[in-house]
Amino acid sequence: MGRSIPSFRQLIEIENSNWSEFKKGLLTKNEREAFDIIFENAKLYTQYLSNANRPVPIEPIMIGALFHNYKTLLKLKNESILSEDLILKKVAWLKREKPLAKMLFDKTCERWDGLLYSVHRDDREHLLRMLTDCCHSLDEGVAKMLIDKVSENSISVLFLFSLVLQNQKLINRIKESTDKKVKDDVNLLGFIH
């Protein structure tokens, strides 16, 4: 008997093909490669993202890509994950100093609870840090607007996807400059020491 519901990995492939016109519209080979990396990064979290229980598959794909980019940026900046205690302190600070941002954090966690409960502890701490950092940086007026819009799904998927693409290009540039610096540092004198 055949499957009537595609696996999440298959949904990623379907979404990738649905965005093919967008990819064709990208001007450079670098942008098209970054586009492909976004979907490859989301595939790293297929098991977790399938538990996100979101009716629109591109939402968990984008969260997976953003999450991977966030972890990559932390690694490039040599920052470690925050312990659960430090995350709880950040959440307590939000509650005290930015109650609307704390409300947005709570609504976001509620919306993505399937994902939060399915990831391993280290990834959950990374994901919670990503959410707290985002809410921590928001102005209360912006947080209120987002709270009002959470149920409407009013943020353009195209805009969000463009942000993911921009993040991926930035990561690629950081990696390329790091690789180039390492190559430039290797010279004959380096081997003499």
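May I ask you to order 45-53, 85-93, 20-28 by the average number of other C-beta atoms within 10 Å around their residues, highest value first? Each step should come with its number before you reach the end.
Working: 45-53: 19.3, 85-93: 14.3, 20-28: 10.6.
Answer by packing, highest mean first, reads 45-53, 85-93, 20-28.
What is the Rg over Rh value, at two decimals, for the range 18-106, using alpha-carbon atoms and the Kirkwood definition of Rh?
With Rg and the Kirkwood Rh in hand, the quotient comes to 1.07.
Taken over the alpha carbons of the range 8-170 as equal point scatterers, the Debye sum produces base-10 log I(q)/I(0) values at 0.10, 0.14, 0.15, 0.19 Å⁻¹ of -0.38, -0.76, -0.88, -1.34.
Subtracting the Cα-Cα distance from 0.36 nm times the residue separation, let me have the gained length for Arg96 to Asp133 in nm, one decimal. Please list the in-between numbers first.
On the way: separation 37, 0.36 × 37 = 13.32 nm, distance 1.55 nm.
Contour length minus Cα-Cα distance gives 11.8 nm.
Round to the nearest 0.05 the FRET efficiency obtained for Ser177 and Ile5 when R0 = 45 Å and r is the Cβ-Cβ distance. Each step should come with its number before you reach the end.
On the way: r = 44 Å, r/R0 = 0.97.
About 0.55, to the nearest 0.05.
Under 19 Å Cα to Cα from Lys23, which lysines show up? Leave out anything in the same chain fewer than 8 places away. Here the lysines satisfying the reach criterion relative to Lys23 are Lys43, Lys169.
Over 29 Å apart at the Cα level, from the set Lys144/Lys175; Lys29/Lys77; Lys24/Lys175; Lys89/Lys144; Lys90/Lys180, are Lys144/Lys175; Lys90/Lys180.
Every number in this text was worked out from the coordinates using simple rules, so none of it is lab data. Because the structure is a prediction, the values reported are computed rather than measured. So basically every Cβ, Gly included, is an ideal-geometry build from the backbone, and we count neighbours across all protein chains shown.
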